[in-house]
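The values are calculated or read from the model by the stated rules, or taken from the named source; none is laboratory data. All values derive from a computational prediction rather than experimental measurement. Because the Cβ atoms are built from the backbone with ideal geometry, glycine has one as well, and the counts that use them run over all protein chains shown. Quick note on the areas: whole protein, heavy atoms, side chains included, nothing else; ligands and nucleic acids left out. Shrake-Rupley method; radii C 1.70, N 1.55, O 1.52, S 1.80 Å.
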Amino acid sequence: MTSAFSSSDTAVLERQADLLDVEREVSLKEIWSDSQRETCFEWIKSNGYKRVCLQFPDSYLKCSEAIAASIRQAFSAADEVKTFILADTSYGSCCVDEIAAAHVDADSLVHFGNACRSKVSRLPVLYLYPKFELDLEKFYTYLESYREHSTSKVVTIYLDIGYHQLLNKPSYDELMEKCKALKAMRLDIITYCGDKYATIAEDGQISLITNGDYTEEVDELDSNRICLFVGSDNQRFFNLSLTTKAEKWFIYDVFSATGREKNPLTATYIRRRYFYIEKCKDAQTLGLIVATLTSNGYLDVVKHLQTMAKARGIKTQIISVGRINPAKLANFLEIDCFVLIGCPFNNMFESKEFYKPIVSVFEAEMALNPAWHMRYPESYVTDFKDLLPEGRSFLEFNANDINPEDVSLLTGRMRFNGTNGNDVETANLSALSEQQQTIATQARMEVMTTNTGLTFEDRTWRGLDPALGQTEPAKIEKGLSGIPIRYTHD
């Protein structure tokens, strides 16, 4: 049975997942080859680790027990090596779950699959990436048809994780020989993985460089180049194509051995994101969702957002609910717009199931910082560290530049920015209370009334009754300490 507040049972089963969040199915051989086993065993043995956490994305879980058993068998009982499988991660599977590892008192962690490589400070981490097969002959055939787009152009080929082994000899030499058929002005072959890139020089030397130094090798803002992504239409391609400029983007699908042109910045997408930016400007209360505890600088971003919101008279609430979903965020009725503070691979949510808009830190920056007014960004920013001082997209915030009176592009009403103007706005909202209430008609003709001025004080249940002065004071006793699996006692 459906209602205004629930959906039918079959709708949940029939609902299709967002394609950007779905990773391809993998086999044990692809994620636990002989070379990967040797690398892992040597890393554990040389460092003397005893309690090793194995973190897997959901699509890898079917292989988790076989990998854990392989590690246990590789060490004798005298080595006392124990393994722990981490499945339901606190945030995104690309982030190292240091919180879950601390619950089992782990001294190391092996991370499998896609990784954002955010800075980890609490324990050492070994990243193991899958190794997928690529039919080079079919790929070379596609490059022949790709030639018409690349003549006299700078061509950048991005390899998704799982295909980075092509950078090793002799595959690299063969690939470079075939790529000369493109007759490009310059050819760059790059493997894309988290915040790390590997670029290949003419002599075949491979060097890892960070985002900060990346523009010295390949100009990410060169709008005249042609880019080819070897992989699938996933979250990594989405983030990469948003943050780098190109005349054209192509995706080569390894399974079908076909390529197609893909433009992530469609007019529909841009209109939707600017609509959310305007919703962020209109908000009276912002919810700052902390979706990372490892990304360097997340506390600085929280403070920066609070400063900008306060200057505009907007309230803020810090929220930490782990991996977000519509049901969790629906509990915060007083929030008008959410700002998601996460790693570069975990800060964009396009799902239409959420009841309130979710914007990234960059979109909140464009909404709240007057320095971005009437300024079109050179490229989209997915890493919030770029918006902090010394970041490549940093613009200083000056509260004096905020327009005290502004007009909402969504409602046509005046926005009074600042605490003084907020009082005037509150008075106007009281006079227009009837207009504030909206009626939403559902499929079965149920009617749901919502009040946009709902605050915490309007709730009928405010917690347990403290019964102050009505109970005898209890004797203070020392409680348990430690972690749930091993409390310490006197």
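What to note about this one:
- Residues in the stretch 315-336 that are outside any helix (DSSP H, G or I) and open to solvent by 60 Å² or more (accessible area, probe 1.4 Å) were compared, and the one that is farthest from S118 (Cα to Cα) is L333.
This table checks each residue for (1) open to solvent by less than 50 Å² (accessible area, probe 1.4 Å); (2) closer than 30 Å to C116 by Cβ; (3) among the polar types (S, T, N, Q); (4) at pLDDT 85 or above.
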residue: L395; (1), (2), (3), (4): yes, yes, no, yes
residue: A427; (1), (2), (3), (4): no, no, no, no
residue: T450; (1), (2), (3), (4): no, no, yes, no
residue: A474; (1), (2), (3), (4): no, no, no, no
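- Residue tally, condition small (G, A, S), in contact (Cβ under 8 Å) with a residue 12 or more places away in the chain and either part of a loop (DSSP other than H, G, I, E, B) or surrounded by 15 or more Cβ atoms within 10 Å (Cβ to Cβ) (or both), over the stretch 397-419: 2
- Looking across D383, D401, one residue alone is at pLDDT 85 or above and closer than 20 Å to C116 by Cβ. It is D383.
- The number of residues in the stretch 39-58 being surrounded by fewer than 18 Cβ atoms within 10 Å (Cβ to Cβ) and outside any loop (DSSP other than H, G, I, E, B) comes to 9.
- Extreme residue, modelled with the lowest pLDDT, among residues of the stretch 364-378 that are surrounded by fewer than 17 Cβ atoms within 10 Å (Cβ to Cβ) and touching a helix residue (DSSP H, G or I) at 6+ places or on another chain (Cβ under 9 Å): P377
- Subset of the stretch 84-102 that is open to solvent by 40 Å² or more (accessible area, probe 1.4 Å) and modelled with pLDDT of 80 or more - its residue that is nearest to C116 (Cα to Cα): S93
- Applying the criterion of at least 2 residues that are closer than 28 Å to H111 by Cα and at pLDDT 65 or above to the helices (runs of 4 or more DSSP H) found wholly in the stretch 123-226 leaves 171-179.
- Those residues of the stretch 249-269 which are farther than 19 Å from N346 by Cα, exposed (fewer than 15 other Cβ atoms within 10 Å of the Cβ) and out of contact with any Lys or Arg (no Cβ under 7 Å at 6 or more places or on another chain), in sequence order: F255, S256, T258, R260, N263, T266, A267, T268
- Flag if R312 is surrounded by fewer than 17 Cβ atoms within 10 Å (Cβ to Cβ), in contact (Cβ under 8 Å) with a residue 60 or more places away in the chain and not aromatic (F, W, Y): no
- Single residue of T244, T292 found to be open to solvent by less than 30 Å² (accessible area, probe 1.4 Å) and either in contact with a Pro (Cβ under 9 Å, 6 or more places away or on another chain) or under 20 Å from I341 (Cβ atoms) (or both): T292
- Unique residue being under 26 Å from S241 (Cβ atoms) and among the β-branched types (V, I, T) when the list is V381, V407: V381
- Counting the residues of the stretch 271-310 that are of a type in the set (S, T, N, Q) and more than 21 Å from E98 (Cβ to Cβ) gives 4.
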